[in-house]
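Scroll down for the structure; my scribbles are underneath it.
The values are calculated or read from the model by the stated rules, or taken from the named source; none is laboratory data. Keep in mind it's a predicted model, so treat the numbers as computed, not measured. All Cβ positions, glycine included, derive from the backbone under ideal geometry; neighbour counts span all protein chains shown. When the accessible area is computed, the model is the full protein with side chains, heavy atoms only, and any ligands, DNA or RNA have been set aside. Shrake-Rupley method; radii C 1.70, N 1.55, O 1.52, S 1.80 Å.
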Amino acid sequence: YASRGKNYELLRREFAKWLQRTQKIQLLKSSFFKECSKPGENERDFRIRLALIAREQRDAAIEKMRQKYAPRFARLDDRIQRLRTVLDEKDAQADRQAFDTVISIGTTLFRSMFGRKRNKNEEKRSRKIKRLKEEKEEKEEKEKMIAQENLVGLQKERQDLEAQFQAEVMALESMTNPMTEKL
């Protein structure tokens, strides 16, 4: 009977039916990850494999989120950097103005010590220049304060965006723990 080739298919089907009726194999299934254990794989090894799958899925999702948030972070970082540059320029300008003021005071003292008299036109002109300098300094101080307030606002906005990103990452990490999932 076994020597005939055409009987092999009949034997294969009968053997499959016998295996199905008499032998049992227990497989574990994860409904969340849509995975089944391999024949002979114990629960511990299956859960370890599920943990690896979960990590890979989480890492892919986090990378996708990073790409989603990257333009927003880049825009905020660029705006923050520009404001810092403006503030640095204003600080340097204030230092130059302080230096100019010291020179002006020194010149005035030098002139007064060596007896050069000032006429009324010079005094009017110097008061006008002084008033214009004060107005300019006030305006620059206001601009600097506004820039500092904008910088603080942008830094807060970036912190909020970072917190939102971290919250989404935490939500991804806590979705399902393969070690506690019912199989």
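Would you mind telling me the share, in percent, of accessible area of the chain contributed by carbon and sulfur at probe 1.4 angstrom? Heavy-atom surface of the chain belonging to carbon and sulfur, 1.4 Å probe: 55 percent.
The phi torsions of segment 31-39, fed into the Karplus equation with coefficients 6.51, -1.76 and 1.60 and a -60° offset, translate into couplings of 6, 6, 8, 6, 10, 10, 6, 8, x Hz, rounded to whole numbers, with Gly and Pro shown as x. Cross-linked pairs Lys64/Lys182; Lys136/Lys156; Lys34/Lys64; Lys90/Lys142: Cα-Cα separations exceed 20 Å for Lys64/Lys182; Lys136/Lys156; Lys34/Lys64.
Using only side-chain charges placed at the Cβ, +1 for Lys and Arg and -1 for Asp and Glu, the dipole size of the chain relative to its Cα centre rounds to 440 debye. Could you work out which residue, out of Arg66, Arg131, Arg55, moves most in a Gaussian network model of the chain, that is, has the largest mean-square fluctuation with Cα springs under 10 Å? Result for the chain, Cα springs under 10 Å: Arg131 fluctuates most. Taking a straight line from the alpha carbon of Lys144, these aspartates and glutamates sit under 16 Å away, with near neighbours fewer than eight places off in the same chain left out: Asp88, Glu89, Asp91, Asp95, Glu134, Glu135. Against the set [x] 15.8, 46; [y] 19.9, 65; [z] 39.5, 137, the structure's computed Rg and Dmax of the Cα atoms in Å falls on [z].
When Phe32, Phe15, Phe165 are compared by accessible area of protein heavy atoms, the largest-first order is Phe15, Phe32, Phe165, using a 1.4 Å probe. Entry for segment 129-176 at q = 0.20, 0.23, 0.29 Å⁻¹: log10 I(q)/I(0) = -0.73, -0.80, -0.93, Debye formula applied to identical alpha-carbon scatterers, no solvent contribution. Remark: relative contact order (the chain) = 39 percent; criterion is Cα-Cα distance under 8 angstrom and separation of 6 or more residues. Quick one: check the C-alpha center-to-center distance for segment 43-57 versus segment 74-109, whole angstrom. Each part reduced to its Cα centre gives a spacing of 58 Å. For segment 129-183, the Cβ-based charge dipole about the Cα centre amounts to some 260 debye (Lys, Arg positive; Asp, Glu negative; other atoms uncharged). Under 5 Å from the amide H of Glu35 lie the amide H atoms of Ser30, each residue being 5 or more positions distant or on a separate chain, with H modelled from the backbone and absent for Pro and chain starts.
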